[in-house]
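Values in this text are rule-based calculations from the coordinates and carry no lab data. Here the structure is a predicted model, which is why all the values come from computation and not from measurement.
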């Protein structure tokens with residue numbers, strides 16, 4: 001009985017560590033994207049399209065959608081605005 005308790009404790013601790021690491025990674029990535037996309041750089045930044053692709057990938061992440069829904073919505077809106085701005089401006 002003690003063996004099963006120890007195994008269960010290890011599984012719960014591992015799941016908690018994975019969740020903590022995943023949440024921290026999502027929070028860090030969202031903060032980085034916010035500093036790039038919401039600072040006004042948009043697609044004028046060399047990695048602007050890649051940043052918007054990262055936003056799209058984060059929207060499919062369960063932890064990001066559960067806990068950072070508002071931040072993801074703001075980033076998606078910034079990507080749409082920068083994409084619309086890039087399409088409307090003429091290229092030389």
Helix 2-37 sits off the longest principal axis of the Cα atoms of the chain, rounded to the nearest 10 on a 0 to 90 degree scale, by 10
Dividing the helical contributions, -39500 (n - 2.57) per DSSP H run of n ≥ 4, by the residues of the chain yields a 222 nm value, nearest 500 deg cm²/dmol, of -27500 deg cm²/dmol
Rounded to the nearest 10 degrees, the helix 69-88 long axis (Cα) sits at an angle to the longest Cα principal axis of the chain of 20
Beyond 13 Å, the calculated P(r) of segment 25-85 holds a percent of Cα-Cα pairs equal to 53
Taking Cα atoms, the helix 48-59 axis meets the longest principal axis of the chain at an angle in degrees (rounded to 10) of 40
Taking Cα pairs closer than 8 Å and at least 6 residues apart, the relative contact order of segment 25-85 in percent is 41
